[in-house]
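Read-outs: derived from the displayed coordinates by stated rules, not from any lab. This one's a predicted model, so the numbers in the text were calculated from it and none came from an experiment. With ideal geometry, Cβ positions are generated from the backbone for all residues, glycine too; neighbour counts draw on all protein chains shown.
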Amino acid sequence: IYRESGTAIVSYSDIEGGLTGTLFTDGGNNIMTDPLFVNVSGAPDTWDFHLQETSPCIDTGSNATAPSDDLEKSRRPQDGDKDGIKTADMGCYEYA
């Protein structure tokens, strides 16, 4: 994460290393764990930022601030963890 100037509040995000020592304000609901992407090894053109079934980012986003569709035009929110409650996922792809 890079902030050139001004104030930035980070919420509902999975941040490697957390926000300690940064100039960002913690707006809450952040986690600091492996997001379990499908594939982020090898050459960048093979990376896949979809979430695996056991990702801690599933159903941990904000319904109020997430876009209504993900990058593939899948509707948000969905019930990715199958608990009966539709909650947006963290990240650019909704787990279905």
Next on the checklist: Please pick out the residue among ALA43, ALA66 that is loosely packed, with under 13 Cβ neighbours inside 10 Å and of a type in the set (A, V, I, L, M).
Outcome noted: ALA43
Checklist entry - Within the stretch 56-79, can you find the residues that are small (Gly, Ala, Ser) and in contact with a Lys or Arg (Cβ under 9 Å, 6 or more places away or on another chain)? => result GLY61, ALA66, SER68
Checklist outcome for this item: From the option list ASP70, ASP26, single residue qualifying as farther than 21 Å from ARG3 by Cβ and not small (Gly, Ala, Ser) is ASP70
Checklist entry - In the stretch 1-33, which residue that is under 20 Å from TYR93 (Cβ atoms) and surrounded by 14 or more Cβ atoms within 10 Å (Cβ to Cβ) is farthest from the chain's Cα centre (by Cα)? => result VAL10
Checklist entry - Which fully enclosed strands (runs of 3 or more DSSP E) of the stretch 21-69 have 3 or more residues being touching a residue at least 12 places away in the same chain (Cβ under 8 Å)? => result 25-28, 48-51
